[in-house]
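The values are calculated or read from the model by the stated rules, or taken from the named source; none is laboratory data. Keep in mind that what you see is a predicted model, and the values were worked out from it rather than measured. So basically every Cβ, Gly included, is an ideal-geometry build from the backbone, and we count neighbours across all protein chains shown. Heads up: the accessible areas ignore ligands, DNA and RNA and are worked out on the full protein's heavy atoms, side chains in. Shrake-Rupley method; radii C 1.70, N 1.55, O 1.52, S 1.80 Å.
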Amino acid sequence: MTARQPLRFLGTHAVLLLASALILAPLFWMLSLSLQNASAAFSFPPHFLPLPPHWLNYPAAWVSEPFGRMYVNSIVVTFGIIAGQLVTCSMAAYALSRIEFKGKRAVFLVVLATMMVPVQITFIPAFLILSRLGWIDTYQALIVPFVASGFGVFLLRQAFLQVPQALIDAARIDGAGHWTVLRAVMVPLSKPTLTTLAVLSFVFHYNDFFWPLIVTNSNSMRTLPVGLTMMIMSTGTGGTQWNQLMAADVFTLMPLIILFALGQRYLTQTPLTTGIK
Amino acid sequence: MVHPAPALARVTRRSGRSADARAGWLMLAPTLAVLLSFVIGPLVLGMGLSFTHYNLMSGQAQFAGVSNYRDLFAGGSTFWTALLNTVLFTLGTVVPTITLAVFFGILLNQQLIGRTFYRTVLFAPYVTPLVGASIAWIWLFRRQGFVDWVMQLFGVTGPGWLSSPHTALIAIIIATLWQYTGYFTMLVLSGLQAIPPDVTEAARIDGAHGLSLLRQVVLPLLSPTILFCLILSVIQSFQVFDQIYVMTDGGPGTSTLTLVYYLYQLGFEFFHFGHGAAVGVVLLAVLLTFTALQLKLSSRWVHYDL
């Protein structure tokens, strides 16, 4: 056993390093191509290093589509959804975990069931509803359908159930109503889970593509992922400006890299992943 | 708590059950309003819509019986191609994803120099926008792209990955494996960390080690996590859309046309809302069947007791 230890150590690292290289390859090429000149991106064998770096690809990509506006749209929409979810989910989670009333169990089952519905199935009818409302190509259309989340309610309910009942009783003896308990006891004590919900929601909705694709039709309302696909279409697949396309890819990725650096622990250690059994 | 404090009893009496119910429903109202309007309502509406012909100009839906379904199920229809492609994509994605996730999970569940680095790298694709990653994959898979170059190092000529109907789906599967394997590895890892160390220790004292420890102790204890990953991964695979929209548009021909992409085409390119809604209903039915089947079969291999 001990004699084989160093061999196993080397084997493990060899496998993991190879896997890491494979995983990083697309990201490496994204970055490298974004700094190469237009013809280098077509060369075979490919140029690995962008020498000398063509920084001007970035401003060129930025103005090729109204990316400034799309950046604003993506951020407004994502934060609008997150703010909405944090409020609606914590209210619902409180009701479902700490208040006794008739019909509660049924509501909880309905909320859980919505998690199972593949969201695309609802898109055609939801699109028709929004066109009736005159909401197509507006911020409402991008935000309102997502300000509640079955998953979010489930996640926060698990966290609220962890709060000791004695704390709630103490607050209630002091005359606090349900709303005060939610605001002054539950929310402060569940900050890590609220952060997890916010971070997961950011990743999901900032990257969301299908829904923004169908409910927006003007450049001024498009979000970044939709803008990226517009860029492919306008440059055409044959004469694609790979360097500028990759530059746009990199600046779309930027907010996620920052989020990932700051919030990785909230992404990888969710109560959902620890509670399976 | 045997005797509630007198003050507490007074509070509960005063606020009473009806006040509780009022607060409860008030707190649920926003969530229920949104879920009813944008999930449950559309779901029911979609089922209704699937039995109609919807006229875009007048906004009128006309009852059409099961004709939409008959069109879909007609022999040799595009629908069957889309269903077959979706099933192939799902098999091709789920099996390697879960296998790799368990493999990497086990590797990363040991004391290891650089473990944080590996975990970070493995998880990074999950936060990358699917659209952005797919754009990079087009370049990687294009003729004389990076993948062709790597293949040439081994003396193989690339098949023209995205332009051949035989390989386009495989290219999309590879891109998808890249995107999600790390996420499932993290799920497996947290499942592994939930296994009490004394259990594996006891098994080791009893003489189990290496593969036998893995097969007889670790994997059975991990089985609920694996089931969860399987179900999640199947559901996710059935909904594949972004990669296909960006990388192939369902082509070449219909070789990468999947159910959700077909739903998109019917609904938002051809404006056949009735047919699109019918595809949605079939998708839901297939997924529910698959999930139920997995849960039923799971009793044969999933162990919940320690």
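Going by the structure shown, is B:G76 open to solvent by 40 Å² or more (accessible area, probe 1.4 Å) and at positive phi? Considered against the rule, which asks whether it is open to solvent by 40 Å² or more (accessible area, probe 1.4 Å) and at positive phi, B:G76 comes out as yes. Counting just the residues of segment B:89-120 that are within 28 Å of B:V246 (Cβ to Cβ) and free of Cβ contacts under 8 Å to residues at least 40 places away in the same chain, which one comes out least open to solvent (accessible area, probe 1.4 Å)? Step by step, filter segment B:89-120, then rank; the result is B:T120.
Inspect all residues belonging to segment A:246-253 and state whether any of them is of a type in the set (V, I, T), touching a residue at least 24 places away in the same chain (Cβ under 8 Å), part of a helix (DSSP H, G or I) and within 18 Å of B:Q243 (Cβ to Cβ). Within segment A:246-253 (the criterion being of a type in the set (V, I, T), touching a residue at least 24 places away in the same chain (Cβ under 8 Å), part of a helix (DSSP H, G or I) and within 18 Å of B:Q243 (Cβ to Cβ)), the answer is yes, since at least one residue qualifies.
Could you tell me whether segment A:16-29 includes any residue that is assigned to a helix (DSSP H, G or I) and touching a residue at least 12 places away in the same chain (Cβ under 8 Å)? The answer is yes; a qualifying residue exists.
Listed residues A:V72, A:V77, A:V87; which is surrounded by 18 or more Cβ atoms within 10 Å (Cβ to Cβ) and of a type in the set (A, V, I, L, M)?
Details: A:V72 fails: surrounded by 18 or more Cβ atoms within 10 Å (Cβ to Cβ); A:V87 fails: surrounded by 18 or more Cβ atoms within 10 Å (Cβ to Cβ).
Only one candidate passes the filter, namely A:V77.
Only residues that are within 7 Å of chain B (Cβ to nearest Cβ), closer than 20 Å to B:V286 by Cα and β-branched (V, I, T) were counted across segment A:84-131, and they come to 5.
Conditions (1) touching a residue at least 12 places away in the same chain (Cβ under 8 Å); (2) in contact with a Pro (Cβ under 7 Å, 6 or more places away or on another chain), marked per residue:
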| site | (1), (2) |
| --- | --- |
| A:A113 | yes, no |
| A:Q120 | yes, no |
| A:P125 | no, yes |
| A:L133 | no, no |
| A:D137 | yes, no |
| A:V147 | yes, no |
| A:L155 | yes, yes |
| A:R183 | no, no |
| A:F209 | yes, yes |
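Checking each residue in segment A:138-149 for being assigned to a helix (DSSP H, G or I), open to solvent by 10 Å² or more (accessible area, probe 1.4 Å) and within 11 Å of chain B (Cβ to nearest Cβ) picks out A:I143, A:V144, A:P145, A:F146. A single member of B:Q239, B:Q265 is of a type in the set (S, T, N, Q), under 23 Å from B:G46 (Cα atoms) and within 11 Å of chain A (Cβ to nearest Cβ), and it is B:Q239.
Might you check whether a residue that is closer than 24 Å to B:V66 by Cβ, modelled with pLDDT of 95 or more, crowded, with 20+ Cβ neighbours inside 10 Å and more than 9 Å from chain A (Cβ to nearest Cβ) occurs anywhere in segment B:244-257? The answer is yes, given that some residue of segment B:244-257 is closer than 24 Å to B:V66 by Cβ, modelled with pLDDT of 95 or more, crowded, with 20+ Cβ neighbours inside 10 Å and more than 9 Å from chain A (Cβ to nearest Cβ). Is it true that some residue in segment A:93-107 is of a type in the set (K, R) and surrounded by fewer than 16 Cβ atoms within 10 Å (Cβ to Cβ)? Scanning segment A:93-107 turns up at least one residue that is of a type in the set (K, R) and surrounded by fewer than 16 Cβ atoms within 10 Å (Cβ to Cβ).
So that you can scan it fast, the table gives a plain yes or no per residue for (1) surrounded by fewer than 22 Cβ atoms within 10 Å (Cβ to Cβ); (2) in contact with an Asp or Glu (Cβ under 8 Å, 6 or more places away or on another chain); (3) at pLDDT 95 or above; (4) part of a helix (DSSP H, G or I):
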position: A:A184; (1), (2), (3), (4): yes, no, no, yes
position: A:T193; (1), (2), (3), (4): no, no, no, yes
position: A:T196; (1), (2), (3), (4): no, no, no, yes
position: A:V199; (1), (2), (3), (4): yes, no, no, yes
position: A:Y206; (1), (2), (3), (4): no, no, yes, yes
position: A:M221; (1), (2), (3), (4): yes, yes, yes, no
position: A:T229; (1), (2), (3), (4): yes, no, no, yes
position: A:M233; (1), (2), (3), (4): yes, no, no, yes
position: A:G239; (1), (2), (3), (4): yes, no, no, no
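Answer yes if at least one residue in segment B:143-163 is under 28 Å from B:Q239 (Cβ atoms), open to solvent by 20 Å² or more (accessible area, probe 1.4 Å) and in a loop (DSSP other than H, G, I, E, B), and no otherwise. Checking segment B:143-163: at least one residue is under 28 Å from B:Q239 (Cβ atoms), open to solvent by 20 Å² or more (accessible area, probe 1.4 Å) and in a loop (DSSP other than H, G, I, E, B).
Looking at segment A:150-166 only, could you name the residues that are open to solvent by 20 Å² or more (accessible area, probe 1.4 Å) and away from chain B (no Cβ under 13 Å)?
A:Q158, A:L161, A:Q162
All of A:T195, A:T240 fail the test of being within 13 Å of chain B (Cβ to nearest Cβ) and polar (S, T, N, Q), apart from A:T240. Scanning segment B:251-292 for residues being under 24 Å from B:I173 (Cα atoms) and either in a helix (DSSP H, G or I) or under 18 Å from the mean Cα position of the chain (by Cα) (or both) gives a total of 23. Determine whether segment B:185-195 contains at least one residue that is in the same structural domain as B:W80 (by TED's automatic domain parsing) and not in a helix (DSSP H, G or I). Yes, some residue in segment B:185-195 is in the same structural domain as B:W80 (by TED's automatic domain parsing) and not in a helix (DSSP H, G or I).
Among the numbered conditions (1) more than 12 Å from chain B (Cβ to nearest Cβ); (2) exposed (fewer than 14 other Cβ atoms within 10 Å of the Cβ); (3) part of a loop (DSSP other than H, G, I, E, B), the only one that A:P59 does not meet is (3).
Tell me whether segment B:207-228 contains one or more residues that are under 29 Å from B:I135 (Cβ atoms) and either modelled with pLDDT under 90 or of a type in the set (D, E) (or both). No, every residue in segment B:207-228 fails to be under 29 Å from B:I135 (Cβ atoms) and either modelled with pLDDT under 90 or of a type in the set (D, E) (or both).
Residue-wise test of (1) within 17 Å of B:W80 (Cα to Cα); (2) touching a strand residue (DSSP E or B) at 6+ places or on another chain (Cβ under 6 Å); (3) surrounded by fewer than 13 Cβ atoms within 10 Å (Cβ to Cβ).
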{"position": "B:Q265", "(1), (2), (3)": "yes, no, no"}
{"position": "B:E269", "(1), (2), (3)": "no, no, yes"}
{"position": "B:F273", "(1), (2), (3)": "no, yes, no"}
{"position": "B:A277", "(1), (2), (3)": "yes, no, no"}
{"position": "B:V281", "(1), (2), (3)": "yes, no, no"}
{"position": "B:A285", "(1), (2), (3)": "yes, no, yes"}
{"position": "B:T291", "(1), (2), (3)": "no, no, no"}
{"position": "B:L297", "(1), (2), (3)": "no, no, yes"}
{"position": "B:W301", "(1), (2), (3)": "no, no, yes"}
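B:S190 fulfils the conditions (1) surrounded by fewer than 22 Cβ atoms within 10 Å (Cβ to Cβ); (2) more than 10 Å from every other protein chain (Cβ to nearest Cβ); (3) within 20 Å of the chain's Cα centre (by Cα) except for a single criterion, (2). Looking at B:I106, B:I113 in this structure, which one is in the same structural domain as B:Y261 (by TED's automatic domain parsing), modelled with pLDDT under 95 and in a loop (DSSP other than H, G, I, E, B)? Of B:I106, B:I113, the one residue that is in the same structural domain as B:Y261 (by TED's automatic domain parsing), modelled with pLDDT under 95 and in a loop (DSSP other than H, G, I, E, B) is B:I113. For B:A171, indicate whether it is open to solvent by less than 50 Å² (accessible area, probe 1.4 Å), more than 10 Å from chain A (Cβ to nearest Cβ), of a type in the set (G, A, S) and in contact (Cβ under 8 Å) with a residue 12 or more places away in the chain. So B:A171 fits the description; yes. Cβ-Cβ contacts under 7 Å between residues 6 or more apart (or on different chains), taken from a first residue in segment B:267-282 that is in contact (Cβ under 8 Å) with a residue 60 or more places away in the chain to a second residue that is surrounded by fewer than 20 Cβ atoms within 10 Å (Cβ to Cβ) and of a type in the set (V, I, T), are listed as B:G274/B:T52. Can you report the number of residues in segment B:193-207 which are open to solvent by less than 20 Å² (accessible area, probe 1.4 Å) and basic (K, R)? Here the count works out to 0.
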